[in-house]
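Beneath this line is the structure, given in structure tokens, with notes to follow.
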Amino acid sequence: MSVAEYMGLCLLDPKDGYYPTRDPLGSDGDFITAPEISQMFGEVLGLWMVQCWKDMGQPETIHLAELGPGRGIMMSDMLRAAKLVPDFIKALYVHLIEASPALEAVQGQTLKDSPAPISWAQTLSDIPDGPLIVIGNEYLDCLPIRQFIQKDRFAGRAGWHERLVTVEKNADDLTFAFALEPISTLAAQTLPSAQSKAKNDDLVETCPSAHQLLDQLSDRFERQPGRALFIDYGPETTEFGDTLQALKRHEKVGVFSDPGNTDLTARVDFGALNEIAAGLNMPTTTPVTQREFLSKLGIEMRAAALARAKPESKPKIARQLERLTGESQMGELFKAICFQSQGLDLPLGFRKVTSIQDGDSNA
Ligand code: SAH
């Protein structure tokens, strides 16, 4: 099977998959995410979303969709901050898109006192018409990836072969192999443009579900105003190499060590996302580091205010801020990127949005 099939089964099989059968987050779980580190993360994102609503002309109804909301903590922090603007809350409908029944139950509990109506949707297409804000933190990294290896660089796109997961000869163990046939012409078209620079044995990854997601977003944003923000780990431009990794109890383990019981993720290729958006004519920002993004949203000021209110927590707040924005922590590895409908200004926190349709960019 392809690496994408393996990843999809391990993560989402309804009976044995990783997400549907557990709550994997937090210090007792397998991994920890920014909203779990500190309330400041969701709070500044709450103000970011209020600014989006203002950028859209303060519509009377605004839909907010969160993809992969985990334990619902980020949404809860966002809503608490957004309560500062009652007209926004009055306009707001929240939609959560979650693949795990276990986490859906936790989200319901976390958000039981939400100031805005909350409902769960299967996909983005279930969300009613109207202006839309989409947000996803550490969502793209768990979408299944395909991997391809360049076997004959002189053959260009025809030199790529898909990496597969197979059973080892005379054993039950899983191992990697690669397809003898080269990649189909259709799949070859989905490779990022950096593929042309590959040497023999270089590996490139693609994420078909992310591609589909951008397709859906661009389709919707062509018809109605919208903006989608994703924060995740990965490089600004395509890099070669295998990035599939498994985590268990905050430690890296082998990707075949315990299928269905470890968290499988892969680095998000932000350069490829930019290329896909350009191909769809959807305005997209250049990615910025989490450090720059949160700083522009005023996270240092929020940290200072929290420390003033609770002086005994000052060292803890400083540590949390460092984890979120420190160069050697999440600050540089994580990036933010935004996609939006034509005609919206530069979103808060970013440097540049490129709009292919009118051939220019504004900063
Ligand atoms: N955003 C949260 C959780 C990140 S973990 C946070 O930052 O803490 C990834 C989340 O995405 C989990 O909630 C997981 O169940 C969900 N998820 C994974 N694949 C999904 C899919 N295909 N569709 C919807 N949700 C998915």
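The values are calculated or read from the model by the stated rules, or taken from the named source; none is laboratory data. Source: prediction; values computed, not measured. A quick note on method: Cβ atoms are made from the backbone with ideal geometry, for glycine too, and the neighbour counts reach across all protein chains shown. To get the accessible areas, we keep the full protein, side chains included, count just its heavy atoms, and leave off ligands, DNA and RNA. Shrake-Rupley method; radii C 1.70, N 1.55, O 1.52, S 1.80 Å.
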Exercise. Which value in deg cm²/dmol, rounded to the nearest 500, describes the helix-derived mean residue ellipticity at 222 nm for the chain, given -39,500 (n - 2.57) per DSSP H run of n ≥ 4 and division by the residue count?
Worked result: -9500 deg cm²/dmol
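Apply the a/c threshold of 1.5 to the C-alpha gyration tensor of the range 293-349 and tell me whether it is rounded, prolate or oblate. Write down the numbers at each step before the final one.
Working: a/c = 4.75, a/b = 1.85, b/c = 2.57.
Oblate is the answer for the range 293-349, as a/c is 1.5 or above yet b/c matches or exceeds a/b.
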Problem set entry | Calculated log₁₀ intensity ratio I(q)/I(0) where the Debye formula runs over C-alpha points of the range 189-278, q = 0.12, 0.19, 0.26 Å⁻¹ | -0.48, -0.98, -1.29
Exercise. Within the P(r) computed for the range 268-363, what percentage of the Cα pairs occupies the region above 17 Å?
Worked result: 57
Exercise. When we measure straight from the Cα of LYS197, which lysines land under 22 angstrom away, once same-chain ones fewer than 8 places off are left out?
Worked result: LYS151
For this session: For LYS352 paired with THR185, estimate the spin-label separation in nm (one decimal), with each label point 7 Å from Cα along the Cα-to-Cβ line.
Result: 3.5
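Could you work out the per residue convex hull volume over the alpha carbons of the range 124-258, in cubic angstrom?
On the way: hull volume 21.3 nm³, N = 135.
Value for the range 124-258: 157 Å³ per residue.
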For this session: Sequence neighbours fewer than 8 away in the same chain don't count; with that in mind, list the lysines whose C-alpha is under 23 Å from LYS335.
Result: LYS252, LYS296, LYS352
Exercise. At what distance in nm do the modelled label points of LYS54 and GLU222 sit from each other, each positioned 7 Å from its Cα along Cα→Cβ?
Worked result: 3.2
Seminar exercise, completed: Here Rg/Rh (Cα, Kirkwood) for the range 1-55 equals 1.19
For this session: Could you size up the charge dipole of the range 28-180 around its Cα centre, putting +1 on the beta carbon of Lys and Arg and -1 on that of Asp and Glu, and report it in debye to the nearest 20?
Result: 440
Problem set entry | For the chain, the Rg and Dmax computed from alpha carbons only, in angstrom | 20.7, 66
Exercise. On full extension of the chain, what length is gained from ASP126 through ASP258, given 0.36 nm per residue of separation minus the C-alpha to C-alpha distance?
Worked result: 44.1 nm
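What do you get for Rg/Rh of the range 54-188 when both radii come from the Cα atoms and Rh is the Kirkwood radius?
Details: Rg = 22.0 Å, Rh = 18.4 Å.
Radius of gyration relative to Kirkwood radius: 1.19.
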Exercise. Over the chain, what is the percentage of antiparallel beta bridges among all DSSP beta bridges, to the nearest 5?
Worked result: 65
Seminar exercise, completed: Zone reached by a paramagnetic label modelled 7 Å from ASP215 Cα along Cα→Cβ, restricted to the range 264-286 with backbone N below 17 Å, covers 273-282
For this session: Springs between alpha-carbon atoms under 10 Å, Gaussian network over the chain: tell me which of LEU306, LEU297, LEU47 tops the mean-square fluctuations.
Result: LEU306
For this session: Largest first and to the nearest Å, give the Cα extent of the range 146-204 along each principal axis.
Result: 38, 21, 16
Problem set entry | Computed lengthening from THR21 to ALA171, 0.36 nm per intervening residue step minus Cα-Cα distance | 51.2 nm
Problem set entry | Contour excess over end-to-end distance, with Cα ends at GLN109 and GLN245 and 0.36 nm allotted per residue | 45.9 nm
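First compute the accessible area of the range 1-127 with a 1.4 Å probe, then give the percent of it belonging to carbon and sulfur atoms. Display every interim value, and only then the final one.
Details: 2630 of 5150 Å².
After summing per-atom areas, the C and S share lands at 51 percent.
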